[in-house]
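J.: Would you mind keeping the following structure in view while I ask a few things?
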């Protein structure tokens, strides 16, 4: 839940960095987005604003809810505000369904044709949900969980650091965070920048 304007700005900047590689779009990038909208970032910004204004009410909540709903239908995303931590990555348009009773950490990645049911659960940081995967358990998942394509998770994995595969999914091996497992130095650098920003603004 985003409670302050400082947190709202940080969440938006973290989402920008993880999805686009910068904290704020430049004038040239904003001009380009005027003609060619960045719908995924528009969606993430609206989601964060609905989360923030839900605690305050007023016309800004109504405006952002309307925009958020329209973008949800356009992109095929059904992700409730307040579920995900900062740095959520949505690589592509396509169906993503997340139930409202979940609490999921920072630096999550959601690919298309995925579903996390509304059975209440906590999922840790660095969660990676590959294309076609589903999480239907009501049990918790720890940090650094990566779920392979088309897998179906029916039970928890609180210890974390696991690659889950199959239907039903089982722990294939122990792994670090998804960006380390993939050797993605670009993403690692982005995370370092986000964490540096978080500390610099006192969050």
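What follows is calculated from the coordinates using simple rules that are stated; it is not laboratory data. Keep in mind that this is a model prediction, so the values were computed, not measured. No Cβ is skipped: glycine too gets one built from the backbone with ideal geometry, and neighbour counts run over all protein chains shown.
J.: Sort 2, 201, 175 so the one with the fewest other Cβ atoms within 10 Å of its own Cβ comes first. Walk me through the intermediate numbers first.
T.: Working: 2 23, 201 11, 175 18.
The fewest-first ordering by Cβ neighbours comes to 201, 175, 2.
J.: Would you compute, from DSSP H runs of 4+ residues alone, the mean residue ellipticity of the chain at 222 nm, taking -39500 (n - 2.57) per run and dividing by the full residue count, rounded to the nearest 500?
T.: On the way: 6 runs with 77 residues, N = 203.
For the chain, the value works out to -12000 deg cm²/dmol.
J.: Rounded, prolate or oblate, given the Cα gyration tensor of the stretch 73-113, with a/c below 1.5 counting as rounded?
T.: Details: a/c = 2.15, a/b = 1.32, b/c = 1.63.
Oblate, because a/c is 1.5 or more while a/b does not exceed b/c.
J.: Once both axes come from the Cα atoms, what is the angle between helix 5-20 and the longest principal axis of the chain, in degrees from 0 to 90, rounded to 10?
T.: 60
J.: Does the stretch 5-78 come out rounded, prolate or oblate by the C-alpha gyration tensor, with a ≥ b ≥ c the root eigenvalues, rounded set by a/c under 1.5 and, if not, prolate when a/b is larger than b/c and oblate if not? Present the calculation step by step, with values, prior to reporting the outcome.
T.: Details: a/c = 1.83, a/b = 1.30, b/c = 1.41.
It comes out oblate by the Cα gyration axes.
J.: Fewest to most neighbouring Cβ within 10 Å: what's the order for 47, 1, 18? Display every interim value, and only then the final one.
T.: On the way: 47 28, 1 11, 18 23.
Starting with the residue having the fewest Cβ neighbours, the order is 1, 18, 47.
J.: Could you tell me how many degrees, from 0 to 90 and to the nearest 10, lie between the Cα long axis of helix 59-75 and the main elongation axis, the longest principal axis, of the Cα atoms of the chain?
T.: 50
J.: Still on this structure: Using a Gaussian network model of the chain with C-alpha springs under 10 Å, which one of 15, 140, 38 is most mobile by mean-square fluctuation?
T.: Answer for the Gaussian network model of the chain: 38.
J.: Calculated FRET efficiency, residue 103 and residue 59, Cβ-Cβ r, R0 45 Å, to nearest 0.05?
T.: Numbers: r = 29 Å, r/R0 = 0.64.
Using R0 = 45 Å, I get an efficiency of 0.95.
J.: With the contact rule set at Cα under 8 Å and sequence spacing of 6 or more, what percent relative contact order holds for the chain?
T.: On the way: 428 pairs, mean separation 26.0, N = 203.
Result for the chain is 13 percent.
J.: Show me 20-29, 100-109 ranked by packing, highest mean number of other Cβ atoms within 10 Å first. Intermediate results must be reported in sequence, preceding the final value.
T.: Details: 20-29: 12.1, 100-109: 19.9.
With the highest mean Cβ count within 10 Å placed first, the list reads 100-109, 20-29.
J.: Quick check: pseudo-label points 7 Å beyond the Cα along Cα→Cβ at residue 140 and residue 155, how many nm apart are they?
T.: In this crude label model, residue 140 to residue 155 measures out at 1.8 nm.
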